[in-house]
Amino acid sequence: MKILPRSAFGQTVLLIGFLLLINQVVSYLSVAIYVIKPNLEQINQLLAKQVKVVFIDGGNSKFSPALAEAFHQETGIGVYRENDALMLGLAEAAHYPYLSLQMSELLDGEAEVRISQGDEYLFWIRPPQAPSLWVKIPLHGLEEASFYPLIFYLVLIGVLSVAGGWLFIRQLNRPLKALQKAAIDVGKGHFPEPLTEQGSSEVTAVTRAFNHMSKGIKKLEADRSLLMAGISHDLRTPLTRIRLASEMMNENEDYLKDGIEKDIDDMNAIIDQFIDYIRHDMMETSELANLNQLINEVIDHEAVDGRNIEQDLGDEVEIPMVYAAMKRVLANLIQNAFKYSDGGIKVCSGRVKGKNRAYFCVCDQGPGIQQNDIDRLFEPFTQGDTARGTEGSGLGLAIIKRIVDGHGGVVTLSNRDDGGLMAKVELPMS
């Protein structure tokens with residue numbers, strides 16, 4: 001499983017967040033080293049001088065309670081024995097090893113520094129001059145500051161950075177999304193208007209190249225349609241003359257006449273398949289249509305005497321489709337099922353579980369096809385194996401796939417466990 005995001009937006013946000021984190025860490029270290037540390041050292045030096053003033057006459061042996069009381073009234077600095085200090089808040093004070101080590105160096109002996117935060121910010125110092133005493137020094141202006149402004153600042157910077165990245169990526173992705181949609185449309189046989197060339201120079205160059213490619217493909221499709229229409233017209237004219245000539249043959253040559261007319265019908269059918277393959281059905285507008293109604297219409301039209309068509313239709317569903325094109329798909333599948341099997345066939349429909357898609361399928365009782373030939377059969381001018389016969393132009397399934405792909409659907413072939421072939425078409429319901 002990939003942890004890193006794959007979209008441009010996710011990668012940009014991750015990059016911005018990583019850079020913000022590095023910036024915050026560097027900023028914190030810079031402030032700690034060049035601002036906080038010198039200030040603490042200065043405060044510690046001032047506190048050490050205050051302690052030296054308190055014990056200017058000596059240590060425990062020369063400590064005067066009266067002098068300490070007077071000093072406390074004038075400066076707020078108090079000197080207490082440990083029991084009294086514990087009652088006044090020493091027990092709740094936190095020990096600071098770094099400050100203690102620095103204070104020991106300033107007082108030329110082992111000292112301990114503790115800090116308590118209550119109504120006022122108190123430094124508790126046990127000096128080396130009087131290890132049994134604690135000096136309480138209140139400092140104003142060092143009360144614990146609220147972290148809300150800092151949090152607000154960090155959140156604001158993060159939101160603004162992400163918003164800026166989102167706007168940048170949105171502006172960058174807008175022409176890319178239009179390009180993606182246009183490419184999908186061209187793949188389905190639609191040819192949209194030339195895209196607006198906007199965005200960065202690289203995206204503009206890609207859009208310009210795509211417009212040129214789309215124009216070329218559209219012209220190629222038009223030329224191919226014109227060529228096929230011309231060939232169809234030129235072929236049908238001599239075929240018509242041949243048919244007329246066959247009608248004037250003697251009665252004793254009926255066997256030749258029947259063969260000629262059958263060949264003419266086969267050639268006309270092949271020409272019709274060529275035209276069906278290149279026709280632009282998907283240029284028509286899709287409309288919501290009832291799938292079961294379409295199936296019933298096609299079955300009524302394609303019914304063959306002596307051949308049974310079993311129906312197993314699911315719930316009524318409406319699907320956006322080009323109605324005539326989808327009727328051609330189902331009709332071709334039913335005709336193939338009749339052509340390559342002798343028994344009855346089955347047509348079913350329903351919803352695809354867990355997906356916003358519907359399906360219809362045609363099942364026959366024929367010999368099936370080789371598994372490795374299934375994908376190949378959807379290619380133009382490709383026929384099945386000898387078990388399925390070799391007549392026709394090989395365009396039937398290619399036409400079906402082209403129409404289904406144009407609807408955003410999927411067509412699949414699979415051999416049934418109880419014999420025969422199942423052709424299944426899945427279509428999106430929206």
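Where a number appears in this text, it was derived from the coordinates with a stated rule and is not lab data. Just so we're clear, the structure is a prediction, and the values are computed from it rather than from any experiment. Neighbour counts run over all protein chains shown; Cβ positions are idealised from the backbone, glycine included.
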Rounded to 0.05, the calculated FRET efficiency for the beta carbons of Arg174 and Ala222 at R₀ = 30 Å is 0.50
Measure of size requested: the Rg and Dmax of region 173-213, with Cα atoms as the atom set and Å as the unit; please supply both.
9.5, 28
Please give the contour-minus-distance gain from Leu313 to Glu193: 0.36 nm per residue of separation, less the Cα-Cα distance, rounded to one decimal in nm.
39.2 nm
Considering the zone a paramagnetic label at Met429 would reach in this model (a point 7 Å from Cα along the Cα-to-Cβ line), which residues of region 322-357 have amide N under 15 Å from it?
349-357
A correct fewest-to-most ranking of Ser27, Ser161 by other Cβ atoms within 10 Å would be Ser27, Ser161
List Ser430, Ser116 from most exposed to least, where exposure is judged by having the fewest other Cβ atoms within 10 Å.
Ser430, Ser116
Tell me, His72, His407, His212 in order of fewest to most beta-carbon neighbours within 10 Å?
His212, His72, His407
Mind giving me the nanometre distance, one decimal, between the label points for Leu40 and Leu20, set 7 Å out from Cα along Cα→Cβ?
2.8
For Gln11 and Arg241, what does the FRET efficiency come to when R0 = 60 Å and r is the distance between their Cβ atoms, rounded to the nearest 0.05?
0.30
How large is the direction-averaged shadow of the alpha-carbon convex hull of region 284-428, in nm²?
8.6
Which stretch or stretches of region 234-252 have amide N atoms under 18 Å from the point lying 7 Å from Glu261's Cα along the Cα→Cβ direction?
239-252
How much net charge surrounds Thr12 when only the other residues with a Cβ under 14 Å from the Cβ of Thr12 are counted, with Lys and Arg +1 and Asp and Glu -1?
+2
Multiply the residue separation of Gln335 and Glu251 by 0.36 nm, subtract the distance between their alpha-carbon atoms, and state the gained length in nm to one decimal.
26.9 nm
